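Engineer: Starting off with a structure, shown below.
The values are calculated or read from the model by the stated rules, or taken from the named source; none is laboratory data. No experiment lies behind these values; they were computed from the predicted model shown. Positions of Cβ are generated from backbone atoms using ideal geometry, with glycine treated the same way; all protein chains shown enter the neighbour counts. These area figures cover heavy atoms from the full protein model, side chains too; ligands, DNA and RNA do not enter into them. Shrake-Rupley method; radii C 1.70, N 1.55, O 1.52, S 1.80 Å.
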Amino acid sequence: MTGKRPKPLLWLAAAALALGMAVNAGGALAQKPNPLPDCFKPWDENTGTISYPEREGPFRVALANGFAGNDWRIEMIQSLKAWARRAENAADIAELKIVSTGTDVAAQISAIDNMIAAGFDAIIFIAVNPTAFTGVIKRAKRAGTILVPFDNILDTDEVVQLNEPQLELEGTKARAVVKHMVRKSGKVLEVRGLPGNSVDRDRSIGMHLVFDPIEDVEVVTVIGNWDTGTVQKVVADAIATHGHFDGMVLQHGTVGAINAILNAGHDIVPIGGDGENGARKLMAKHNVPGASVTQAPAMSAIAMQAAIALLKGHELPTMIALPLPYVLSEDLEEGVNYFPDLPDVINLGSGFPACGTALTAAEVLAETAEDE
């Protein structure tokens with residue numbers, strides 16, 4: 001999606017203005033108020049705010065994605081493209097660039113630096129590593145480029161970031177598993193995500209906050225890389241090694257885990273899993289107790305929505321807490337929270353009504369995940 005580039009002198013002027021960013025953690029003068037307070041909610045009572053001088057659009061914006069090897073990342077990119085294609089959003093976008101660099105943090109930093117050097121107004125990104133971007137933040141500030149990390153966020157309060165509350169996300173799954181465990185003892189399998197990401201770290205903490213205080217439960221941990229095929233293999237291997245589990249909590253790949261359970265002839269046990277349509281279909285079909293909790297791919301669209309709000313001079317919290325979409329197993333209902341006619345890999349609950357964004361499956365599936 002491309003359009004006219006701003007004239008160099010105009011862009012340099014905008015960059016110079018951006019150096020006057022106001023960080024309003026302690027009552028400094030704000031710019032325009034938060035345009036969607038029910039959407040852009042502060043993480044907690046200690047969250048500060050950031051605003052930038054207003055710029056004139058349309059804007060050159062970009063997504064610097066890292067890992068791109070699972071269905072969630074594909075849908076995340078598709079969701080951003082679908083959102084940007086809507087007429088009311090396209091009017092603010094002169095150019096949308098999308099690059100996926102893989103799991104190499106140096107490659108992602110290089111991609112962001114290239115976007116900064118090319119004069120992009122704002123860049124959203126899922127950080128490969130939460131602690132490696134101090135230099136990037138400084139270079140973006142000097143250039144007047146607004147950064148908005150989301151999903152795998154950074155350990156900083158110098159930029160606006162957004163995410164669902166990860167400790168609560170995995171804690172919700174874990175509590176549902178405990179609730180449905182026949183005995184509050186035995187072994188529970190934890191299937192983690194991609195090592196080195198803040199989301200993987202924080203979700204694991206949330207899971208252990210629930211299970212570590214239960215003395216008679218042993219947590220066995222395996223790495224699933226947020227990939228359904230990998231999850232099926234590591235769950236199958238864990239069953240072959242340990243024999244039996246009394247519950248499972250998975251960051252992603254619930255379809256693979258249930259298939260591994262069925263193939264091994266293992267008893268159906270409580271599962272706290274992801275929000276893919278296929279996961280909910282299998283949970284309903286095989287009466288799997290637990291919970292299906294969504295890390296919504298459409299947060300890419302909300303991150304871009306926040307970036308554009310900042311470009312327009314609005315004041316936003318430094319850390320935005322998005323709502324947590326989930327459904328308990330006892331509330332699964334065909335045609336309501338899972339859909340036989342939709343692809344298994346569609347993540348449900350990916351709309352954010354409080355943000356004015358509820359993308360349809362048709363809109364998302366019409367897009368590709370290719371770089372632009």
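Engineer: Select from Leu359, Ile239, His180 the residue farthest towards the positive end of the dipole of the chain; place +1 on Cβ of Lys and Arg, -1 on Cβ of Asp and Glu, and compute about the Cα centre.
Structural biologist: My answer, from the dipole projection, is Leu359.
Engineer: With the Cα gyration tensor of the range 312-372 giving a ≥ b ≥ c as the square roots of its eigenvalues, does the rule (a/c under 1.5 for rounded; else a/b larger than b/c for prolate; else oblate) give rounded, prolate or oblate?
Structural biologist: oblate
Engineer: Could you grab the relative contact order for the chain? Cα pairs under 8 Å, six or more apart, rounded to a whole percent. If you can, show how the numbers build up before the last one.
Structural biologist: On the way: 844 pairs, mean separation 87.9, N = 372.
Value for the chain: 24 percent.
Engineer: While we're looking at this one, here's another question. Using a 1.4 Å probe over the heavy atoms of the protein chains, calculate the carbon and sulfur portion of the accessible area of the range 20-168 as a whole percent.
Structural biologist: Numbers: 2910 of 5680 Å².
The computed percentage sits at 51.
Engineer: Under 18 Å between alpha carbons, and skipping anything fewer than 8 positions from Lys81 in its own chain: which lysines qualify?
Structural biologist: Output for Lys81: Lys97.
Engineer: Could you tell me what percent of the accessible area of the range 214-326 is made up of carbon and sulfur, with a 1.4 Å probe and every protein chain present?
Structural biologist: On the way: 1620 of 3340 Å².
Carbon and sulfur atoms account for 49 percent of the accessible area of the range 214-326.
Engineer: Taking only protein heavy atoms into account and a 1.4 Å probe, give the accessible area per residue of the chain in Å².
Structural biologist: On the way: 14730 Å² over 372 residues.
Per residue, the chain has 40 Å² of solvent-accessible surface.
Engineer: Here's another thing I want to ask about it. Take every Cα pair under 8 Å in the range 149-220 that's 6+ residues apart, average their separations, divide by the length, and report that relative contact order as a whole percent.
Structural biologist: Working: 81 pairs, mean separation 28.0, N = 72.
In percent, rounded to a whole number, it is 39.
Engineer: Can I ask one more? Provide the descending list of Cα extents for the range 155-265 along its principal axes, expressed in whole angstroms.
Structural biologist: 50, 31, 18
Engineer: What percentages, rounded to whole numbers, describe P(r) for the chain computed over all alpha carbon pairs with 10 Å bin width beginning at zero?
Structural biologist: 5, 25, 32, 22, 12, 4, 0
Engineer: Under the definition of Cα pairs under 8 Å and six or more residues apart, what whole-number percent is the relative contact order of the range 213-372? Numbers along the way, then the final one.
Structural biologist: Working: 209 pairs, mean separation 30.7, N = 160.
For the range 213-372, the relative contact order is 19 percent.
Engineer: If you scale each eigenvalue of the Cα gyration tensor by 5 and take the root, what three semi-axes come out for the range 263-372, rounded to whole angstrom and sorted largest first?
Structural biologist: Details: eigenvalues 197, 53, 29 Å².
Over the Cα atoms of the range 263-372, the ellipsoid semi-axes are 31, 16, 12 Å.
Engineer: List the GluC sites (Glu not before Pro) in the range 319-370 that DSSP assigns to loop (not H, G, I, E or B) and whose Cβ has at most 16 other Cβ atoms within 10 Å. Which are they? Please list the in-between numbers first.
Structural biologist: Numbers: sites: Glu330, Glu333, Glu334, Glu363, Glu367, Glu370; in loops: Glu333, Glu367, Glu370.
Answer in residue order: Glu333, Glu370.
Engineer: Run down the lysines and flag those whose C-alpha is under 18 Å from the C-alpha of Lys187, throwing out any fewer than 8 positions away in its chain.
Structural biologist: In chain and number order, the partners are Lys173, Lys179.
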